[in-house]
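Shown next, in structure tokens, is the structure this report addresses.
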Amino acid sequence: MKIIWAPWRMAYIKNARKPRGCIFCSKVRERRDSDNLLLHRGRHGFVMMNLFPYNSGHLMVAPYAHVNSLEGLSADSALDLIRMTNLSLRVLRTEIRPEGFNVGMNLGRVSGAGIERHVHLHIVPRWNGDTNFMPLFSETRVIPEHLRATYRKLRAGFRLAIHQEESKLIQGSGRGPKRTKSQP
């Protein structure tokens, strides 16, 4: 018999009832990013890991605005949601090297939204063969890496990606070091 180790599931089992209030609003206000698996705070939203992932690296991108649909977002918030999604995809490609992604939203309970009152986007990294018999026959998913290990890896990746973006902006603005013709 093989044993599947997924200790973070116990918190879900013990607290199967839904939390009071909005999990996105409460977690982002707490300012305990590591404890809450927040990876990045943008201008109009944030990226956090899913505490009960479908796969390693399952991320959620959410606006700070508490709205239940994309139509309720300002143009700047909607654009920032896409920017943070692109940033997340780059970090995931670099840090955990998936072969593909499922990216999408569940708007409304009938579409499968677990948190239907705060719009958010899911990014689920995928690998060839990551779907096997376990979910079909035993309602069990196998997550190959501990959440905290994935968090540390992705958090470092987000910091590096943000630093690289800022460096490009500074160089493009003329405030950075001047390039000479001999530099590549």
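Name the residues whose placed amide hydrogens come within less than 5 Å of the amide hydrogen of Phe101, ignoring near sequence neighbours (fewer than 5 apart) on the same chain.
Amide H neighbours of Phe101: Arg126.
Size of the dipole of the stretch 19-161 about the Cα centre, Lys and Arg at +1 and Asp and Glu at -1 on the beta carbon, nothing else charged, in debye to 20?
Details: 20 positive and 12 negative charges, 97 e Å.
So the dipole magnitude of the stretch 19-161 works out to roughly 460 debye.
Would you order Glu95, Glu116 from fewest to most other beta-carbon atoms within 10 Å of each residue's own beta-carbon? Can you show the working numbers first?
Working: Glu95 19, Glu116 15.
Neighbour counts put them in this order, fewest first: Glu116, Glu95.
Based on the alpha-carbon gyration tensor of the stretch 63-120 and its eigenvalue square roots a ≥ b ≥ c, which shape applies: rounded if a/c is under 1.5, prolate if not and a/b is larger than b/c, or oblate? Please list the in-between numbers first.
Numbers: a/c = 3.03, a/b = 1.47, b/c = 2.06.
It is oblate, given that a/c is not under 1.5 and a/b is not larger than b/c.
How about the stretch 50-135: which trypsin sites (Lys or Arg not before Pro) there lie in a loop by DSSP and see at most 16 other Cβ atoms within 10 Å? Could you put the intermediate results ahead of the total?
On the way: sites: Arg83, Arg90, Arg93, Arg109, Arg117, Arg126; in loops: Arg117.
Qualifying residues, ordered by number: Arg117.
With each pseudo-label sitting 7 Å past Cα toward Cβ, what's the Arg152-His66 distance in nm, one decimal?
Using points 7 Å along Cα→Cβ, the separation is 3.5 nm.
Can you sort Ile170, Ile96 by how many other beta carbons sit within 10 Å, fewest first? Let's see the in-between values first.
Values: Ile170 12, Ile96 17.
Ranking Ile170, Ile96 by Cβ neighbours within 10 Å, fewest first, gives Ile170, Ile96.
Values quoted throughout were computed directly from the atomic coordinates according to the rules given, and no laboratory measurement underlies them. Since the model is a prediction, treat every value here as computed from it, not as a measurement. Methodologically, a virtual Cβ is constructed for each residue, glycine included, from the backbone with ideal geometry; neighbour enumeration extends over all protein chains shown.
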